[in-house]
Amino acid sequence: CPKCGKESIKFDVYSSISLPLVPSKDRPSIPLQDCLDQFAAGEQLDDHNAWYCSRCKKHVCALKLITLWNTPDVLVLHLKRFTFEKCPVTGKLLRRKIVDTVDFPIDRLDLSSYVLGPKFKEAPPIYKLFGVSEHTGSTANSGHYTATVRNSRDGKWYRYNDSHVGSTSGEAAVTGGAYLLFYQRVKGSLRWAGMEKQLTMVQQPQLYRQETYKISVEEDADGFREVRKKGRKKKY
């Protein structure tokens, strides 16, 4: 709350992040880091989206801030290319597409500076690109979609356009049509964004080792644990 300073903190599970784009005439492309910085900067709510402060007992224009506690093994970055602006003359909503090129990394995307939660050496928040979904057209409801994907077996890049498939490179996907970016963690794996390991460290520290981490209960390959029914106590 901008008046009393009250904060409301909530955790939410996610697998994708929508990044705002801020075009500039002084540069030919938009660095992905600028999009991440804009995402982490927060949003000042207006009167139409005011937040209710339980301490002040009224709606206020608070600062909405989204931060990353941890990151998933597969991360999808959504580039917000489509905007809706109100026409000052007619009052109607005008749709516009941002076609500026976003310069995103191919082999190394380091999100360490954006993660506030615990970081693990065996699974750092460093990613490599394995897919790009591209859009051509003026609106999200029309146009044409293509894809550029890295093959997990041979490591080569391929471009998919309907029934046509051809060889390409990851750098060729860095265009003004890139819409969705698919990244995969380079090293290690953190199931449930590392929360299982964090809970084990707190609840059962004797079972946790920083370099070798073993699950103390039986579970299948997907990480699901068997729930056993507790036996009822006999009454005498």
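Taking region 1-24 as the search range and keeping residues that are of a type in the set (Val, Ile, Thr) and part of a loop (DSSP other than H, G, I, E, B), which one is nearest to residue 102 (Cα to Cα)? Walk me through it before giving the result.
Residues of region 1-24 that are of a type in the set (Val, Ile, Thr), as a first pass: 9, 13, 17, 22.
Those still in the list that are part of a loop (DSSP other than H, G, I, E, B) too: 9, 13, 22.
Numbers: 9: 31, 13: 26, 22: 10 Å.
The selected residue is 22.
Being loosely packed, with under 14 Cβ neighbours inside 10 Å and farther than 26 Å from residue 75 by Cβ is the filter here; which residues of region 29-57 pass it?
44, 46, 47, 48, 49, 50, 52, 54, 55, 56, 57
Yes/no per residue for (1) open to solvent by 80 Å² or more (accessible area, probe 1.4 Å); (2) on the phi > 0 side of the Ramachandran plot:
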residue	(1), (2)
65	yes, no
96	yes, no
142	no, no
155	no, yes
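Which of the numbered conditions does residue 84 fail, given that it passes all the others? Conditions: (1) in contact with a helix residue (DSSP H, G or I) (Cβ under 7 Å, 6 or more places away or on another chain); (2) under 30 Å from residue 141 (Cβ atoms); (3) open to solvent by 40 Å² or more (accessible area, probe 1.4 Å); (4) not hydroxyl-bearing (Ser, Thr, Tyr).
With respect to (1) in contact with a helix residue (DSSP H, G or I) (Cβ under 7 Å, 6 or more places away or on another chain); (2) under 30 Å from residue 141 (Cβ atoms); (3) open to solvent by 40 Å² or more (accessible area, probe 1.4 Å); (4) not hydroxyl-bearing (Ser, Thr, Tyr), residue 84 is out only on (1).
Which of the residues belonging to region 140-195 are over 26 Å from residue 98 (Cβ atoms) and assigned to a loop (DSSP other than H, G, I, E, B)?
151, 152, 153, 154, 155, 156, 163, 186, 187, 188, 189, 190
Which condition number does residue 75 fail, the rest of (1) at positive phi; (2) open to solvent by less than 90 Å² (accessible area, probe 1.4 Å) being met?
All conditions pass for residue 75, except number (1).
Under the condition of being modelled with pLDDT of 95 or more and part of a strand (DSSP E or B), which residue from region 105-128 is surrounded by the fewest Cβ atoms within 10 Å (Cβ to Cβ)?
110
Only one of 102, 132 is out of contact with any Cys (no Cβ under 9 Å at 6 or more places or on another chain), touching a residue at least 40 places away in the same chain (Cβ under 8 Å), buried (at least 17 other Cβ atoms within 10 Å of the Cβ) and part of a strand (DSSP E or B). Can you tell me which?
Values: 102 fails: out of contact with any Cys (no Cβ under 9 Å at 6 or more places or on another chain).
Result of the check over 102, 132: 132.
Does region 72-87 hold any residues that are charged (D, E, K, R), assigned to a loop (DSSP other than H, G, I, E, B) and more than 25 Å from residue 187 (Cα to Cα), and which are they?
The first filter runs over region 72-87 and keeps only residues charged (D, E, K, R), leaving 73, 80-81, 85-86.
Next, from what is left, pick out any that are assigned to a loop (DSSP other than H, G, I, E, B): 73, 81.
Selection gives 81 alone.
Provide a single number: the residues in region 155-191 that are within 20 Å of the chain's Cα centre (by Cα), farther than 18 Å from residue 77 by Cβ and at pLDDT 95 or above.
Qualifying residue count for the region: 0.
The values are calculated or read from the model by the stated rules, or taken from the named source; none is laboratory data. None of the values given here were measured: they were computed from a predicted structure. All Cβ positions, even for glycine, are placed from backbone atoms using ideal geometry, and neighbour counts span all protein chains on display. Heavy atoms of the whole protein, side chains included, go into the accessibility calculation; ligands, DNA and RNA do not. Shrake-Rupley method; radii C 1.70, N 1.55, O 1.52, S 1.80 Å.
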